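Here the structure comes first, spelled out in structure tokens, and everything after it is commentary.
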Amino acid sequence: MKKKGKRLLRRLTGMLMGVAAFGLLQVNAIAGSTESLQLVNAGGAEILDADLVVECVKSSTAVETAVASHSAESAEKNEDEDTSSDEDDAEKSNLVMANVENAVNVRKEADEDSDRVGKLYSDCGGEILERRNGWTKLKSGNVTGWTKDEYLLFGEEAEEMAQDLGNLVATIEAETLRIRMEPESDAGVWGLIGKNDKLKALEVIDDEWISVEYEGDIGYVSAEYTKIDFVIDAGETMEEIKKREEKEQEEKRKADAAKAKQTENRGAVPVGASDEELLAALIQCEAGNQPYEGQLAVGAVVMNRVRSGGYPNTISGVIYASGQFTPAGNGKVAKRLEAGVRDSCLQAAREAIAGASNVGGATHFRRAGNHDGLVIGSHVFW
């Protein structure tokens, strides 16, 4: 699948580079635009649209590479010619890419002591606005500022990195479009997709079909009703970084709180040895093939019912309640008691009786897949 994606990317980039060699490639950042590399059918050939752009996006921001109009014939002719040096390409292409392992600062002025206005990450690109004294003023997403040249790539090196890091996105332009199983108009249909929906594009087939990733499979959509964008990431302003980090911290706080609640001690319940063994037997019948966390979870569900007031207030009463636990109703729990229970199931029963719960206040569980809830092993708890 990755190999197919590379073929399409090389095909589109080949046209782009052909135009660049004529000195027509210009990079202009226009935030929020959705136009980028487009395939236009004309006489069965792929041509460059008059306002061709390469879009660079991170968190819904965009950096676009605008390319002047050029015919397909001229572009194809130029693909076979090597008429420009690396220095010429750097001057003709306004594309710039970060050349760092993690991130590089973007500053307000061309000075290391100047205030930071944002960051450009290792997979990000932008548009060159100005260059002087070893610094480049660039625009990437909503970030506009200066970065030292030693942390950037220009010209062919930048374009090659963009090819490696970018993705091709197919945007549907029809109201509804079928995703076919084969590149044929009478092929089976994987599903339907609506206008402005986006899919990862892989390859153009005979200028008529575009292969795309769809729900784990490869599907095919008509090129006539699909636009292709070449997408790479853009940087973040300091304000955007602050908001993102605050959001991440809040999400982590909520996740930690939810985890703490799920693993809280809900209070011990006084029981006898027979109840302890009975719970262990049920645990082995229901979750004997599950990891210890899954065994504890089953025990916690039983004990949550005992405490709830909505079920019998004893372990045996909960386990043998009509229609609740199949192993109890069909005799498997009784047989397990006679044969003996595993140490792990007995330990899980003791912890659950002592108040341990890794499922919060959940009082139900079933095989995972058909119900929302907390999934542990093969079961979902709610």
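The values are calculated or read from the model by the stated rules, or taken from the named source; none is laboratory data. Here the structure is a predicted model, which is why all the values come from computation and not from measurement. Here the Cβ positions follow ideal geometry from the backbone for every residue, glycine too, while neighbour counts run over all protein chains shown.
Does Lys227 satisfy the condition of being in a helix (DSSP H, G or I) and either of a type outside the set (Gly, Ala, Ser) or assigned by TED's automatic domain parsing to the domain that holds Ser316 (or both)?
On the way: in a helix (DSSP H, G or I): no; either of a type outside the set (Gly, Ala, Ser) or assigned by TED's automatic domain parsing to the domain that holds Ser316 (or both): yes.
No.
Inside region 156-191, can you point out the residues that are crowded, with 19+ Cβ neighbours inside 10 Å and under 12 Å from Gly125 (Cα atoms)?
Hits for region 156-191 are Ala158, Glu159, Met161, Ala162, Gly166.
Go through region 114-123 residue by residue and tally those that are under 15 Å from Ala103 (Cα atoms) and surrounded by fewer than 20 Cβ atoms within 10 Å (Cβ to Cβ). Break it down stepwise before answering.
Restricting attention to region 114-123, the residues satisfying the condition of being under 15 Å from Ala103 (Cα atoms) are 116-123.
Within this subset, residues satisfying the condition of being surrounded by fewer than 20 Cβ atoms within 10 Å (Cβ to Cβ) are 116-117, 121-123.
Going through region 114-123 one residue at a time, the tally reaches 5.
Looking at Asp217, Asp186, Asp206, Asp197, which is the one that is assigned by TED's automatic domain parsing to the domain that holds Ser122 and either on the phi > 0 side of the Ramachandran plot or polar (S, T, N, Q) (or both)? Even if it seems obvious, please write down each step before you answer.
Working: Asp217 fails: either on the phi > 0 side of the Ramachandran plot or polar (S, T, N, Q) (or both); Asp186 fails: either on the phi > 0 side of the Ramachandran plot or polar (S, T, N, Q) (or both); Asp197 fails: either on the phi > 0 side of the Ramachandran plot or polar (S, T, N, Q) (or both).
Checking each option against the conditions leaves just Asp206.
Looking only at residues in region 210-230 that are β-branched (Val, Ile, Thr) and in contact with an Asp or Glu (Cβ under 8 Å, 6 or more places away or on another chain), which one is surrounded by the fewest Cβ atoms within 10 Å (Cβ to Cβ)?
Step one: filter region 210-230 for residues β-branched (Val, Ile, Thr), giving 210, 212, 218, 221, 226, 228.
Cutting the leftovers down to in contact with an Asp or Glu (Cβ under 8 Å, 6 or more places away or on another chain) gives us 210, 226.
Details: Ile210: 26, Thr226: 22.
Only one residue fits best here, namely Thr226.
Of Arg350, Arg336, Arg266, which residue is among the basic types (Lys, Arg) and touching a helix residue (DSSP H, G or I) at 6+ places or on another chain (Cβ under 6 Å)? Spell out the reasoning first.
Details: Arg350 fails: touching a helix residue (DSSP H, G or I) at 6+ places or on another chain (Cβ under 6 Å); Arg266 fails: touching a helix residue (DSSP H, G or I) at 6+ places or on another chain (Cβ under 6 Å).
Result of the check over Arg350, Arg336, Arg266: Arg336.
Per-residue answers, yes or no, for (1) hydrophobic (A, V, I, L, M, F, W, C); (2) exposed (fewer than 14 other Cβ atoms within 10 Å of the Cβ); (3) assigned to a loop (DSSP other than H, G, I, E, B):
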site	(1), (2), (3)
Arg305	no, no, no
Pro312	no, no, yes
Ala321	yes, no, yes
Ala328	yes, no, no
Val333	yes, no, no
Leu346	yes, no, no
Gly361	no, no, yes
Gly369	no, yes, yes
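So Asn133 ticks every box in (1) farther than 30 Å from Asp197 by Cβ; (2) touching a Gly at 6+ places or on another chain (Cβ under 9 Å) but one. Which box is left unticked?
(2)
Looking at region 124-142, which of its residues are surrounded by fewer than 19 Cβ atoms within 10 Å (Cβ to Cβ) and within 24 Å of Gln163 (Cβ to Cβ)?
Listed by number, the residues that qualify are Leu129, Arg131.
What number of residues in region 103-118 are farther than 17 Å from Asn133 by Cα, under 30 Å from the mean Cα position of the chain (by Cα) and either part of a loop (DSSP other than H, G, I, E, B) or β-branched (Val, Ile, Thr) (or both)?
Summing the residues that are farther than 17 Å from Asn133 by Cα, under 30 Å from the mean Cα position of the chain (by Cα) and either part of a loop (DSSP other than H, G, I, E, B) or β-branched (Val, Ile, Thr) (or both) in region 103-118 gives 2.
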